[in-house]
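Asks: Can you read through this structure? Questions will come right after.
The values are calculated or read from the model by the stated rules, or taken from the named source; none is laboratory data. Just so we're clear, the structure is a prediction, and the values are computed from it rather than from any experiment. When we count neighbours, we look across all protein chains shown, and the Cβ atoms used for this are built from the backbone with ideal geometry, even at glycine. Heavy atoms of the whole protein, side chains included, go into the accessibility calculation; ligands, DNA and RNA do not. Shrake-Rupley method; radii C 1.70, N 1.55, O 1.52, S 1.80 Å.
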Amino acid sequence: MVIPVHDINPVRRTPWVTYLLVAVNVVVLLLTPVAATSLTGTATSTAQACQQQAFLDQYAVIPRELITDKPLGQVATGQPGPAADTCVVGRPAYHKNPVLSVLEAMFIHAGWLHLLGNMLFLVIFGNNVEDRFRKLPYLAFYVFCGYLAAYGYAWAFQTSVEPLVGASGAIAGVLGAYLVLYPRARVWSLVPFLFFIPVRIPAWLVLGSWFILQWLYAAGWGAADTSGVAYVAHVFGFLSGAIIGLLVRAASPPPRYPVHPRYQ
């Protein structure tokens, strides 16, 4: 997959909602136990791992909870267990709303690399989608895609108790909308097999290849099973964003941009 770094696609307004989403995601990560771990979110001690697990049990999406609409009866308490690399479990001291946990999990990430990768895609492609949707509809669209992605993942793994966190489901929706709204936009991207030389590639190729990879990994092709990435959520988010993008494209004419003096 290529790594996008910048798109050549003008906007009419400052994308304040996109910037706000990035800022909230960064602040939330700084306030969570994950901030004290490594760049990848890997805990360096059993105590850190137990604190992180307890935090995720409380705030992350748990597929079984979404399907049954009931929180787990036994969760990590945050204390290390008597045996090595174990955590004490017990009844939760809080009341968790599984539906609300989807919104909370959208702003929680498993580490700095997880956050930075998501925010890169959001900044590059979110500004134009926000420009086309307008601010409040764009925010509602972002959250809606995040919910569809989470529930799609829960439907696929109904008995799983592994926590699901991150904005990637919502951002996948943004990518799907961008693909159908601006398929011919040019995107400067780094291509691994060309030794990361920047190349200007059409958006349909960048985002289309990204979606195909997510689909293949979700279907079990490649090393998806051990990666810890919720590829199924990406697929649901992308498809929901593409469908909504098609509706917006059909209902409204393409925007007109003022010509910059440089290009006159």
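Asks: Of everything in segment 199-246 that's surrounded by fewer than 12 Cβ atoms within 10 Å (Cβ to Cβ) and at pLDDT 90 or above, which residue is nearest to I3 (Cα to Cα)?
Replies: Top of the filtered list is R200.
Asks: Which one is most open to solvent (accessible area, probe 1.4 Å), of the residues in segment 88-107 that are within 22 Å of Q158 (Cβ to Cβ) and part of a loop (DSSP other than H, G, I, E, B)?
Replies: Here is the first cut: in segment 88-107, the ones within 22 Å of Q158 (Cβ to Cβ) are 89, 92, 96-106.
Subsequent filtering for residues that are part of a loop (DSSP other than H, G, I, E, B) retains 92, 96-97, 106.
Numbers: P92: 39, K96: 10, N97: 77, M106: 7 Å².
For segment 88-107, the residue satisfying everything is N97.
Asks: Counting just the residues of segment 255-264 that are open to solvent by less than 100 Å² (accessible area, probe 1.4 Å) and out of contact with any helix residue (DSSP H, G or I) (no Cβ under 7 Å at 6 or more places or on another chain), which one comes out modelled with the lowest pLDDT?
Replies: Top of the filtered list is P261.
Asks: Let me spell it out: the conditions are (1) out of contact with any strand residue (DSSP E or B) (no Cβ under 8 Å at 6 or more places or on another chain); (2) without any contact (Cβ under 8 Å) to a residue 40 or more places away in the chain; (3) more than 26 Å from T68 (Cα to Cα), and K135 meets all of them except one. Which number is the exception?
Replies: (2)
Asks: Limited to segment 156-193, what total is found for residues that are more than 30 Å from K70 (Cα to Cα) and either open to solvent by 70 Å² or more (accessible area, probe 1.4 Å) or assigned to a strand (DSSP E or B) (or both)?
Replies: Going through segment 156-193 one residue at a time, the tally reaches 8.
Asks: Could you look through segment 1-51, keep only residues that are more than 17 Å from the chain's Cα centre (by Cα) and small (G, A, S), and pick out the one that is modelled with the lowest pLDDT?
Replies: Ranking the qualifying residues of segment 1-51, first place goes to S38.
Asks: Here's something else I'd like to know. Would you confirm whether or not segment 139-156 contains a residue that is touching a Lys or Arg at 6+ places or on another chain (Cβ under 9 Å), within 30 Å of A76 (Cα to Cα) and touching a residue at least 12 places away in the same chain (Cβ under 8 Å)?
Replies: Checking segment 139-156: at least one residue is touching a Lys or Arg at 6+ places or on another chain (Cβ under 9 Å), within 30 Å of A76 (Cα to Cα) and touching a residue at least 12 places away in the same chain (Cβ under 8 Å).
Asks: Which of the numbered conditions does F144 fail, given that it passes all the others? Conditions: (1) open to solvent by less than 30 Å² (accessible area, probe 1.4 Å); (2) out of contact with any strand residue (DSSP E or B) (no Cβ under 9 Å at 6 or more places or on another chain); (3) not small (G, A, S).
Replies: Checking F144 against (1) open to solvent by less than 30 Å² (accessible area, probe 1.4 Å); (2) out of contact with any strand residue (DSSP E or B) (no Cβ under 9 Å at 6 or more places or on another chain); (3) not small (G, A, S), the one that fails is (1).
Asks: Given the condition of a type outside the set (S, T, N, Q), on the phi > 0 side of the Ramachandran plot and open to solvent by 40 Å² or more (accessible area, probe 1.4 Å), answer yes or no: does some residue in segment 110-131 qualify?
Replies: No, the conditions are met nowhere in segment 110-131.
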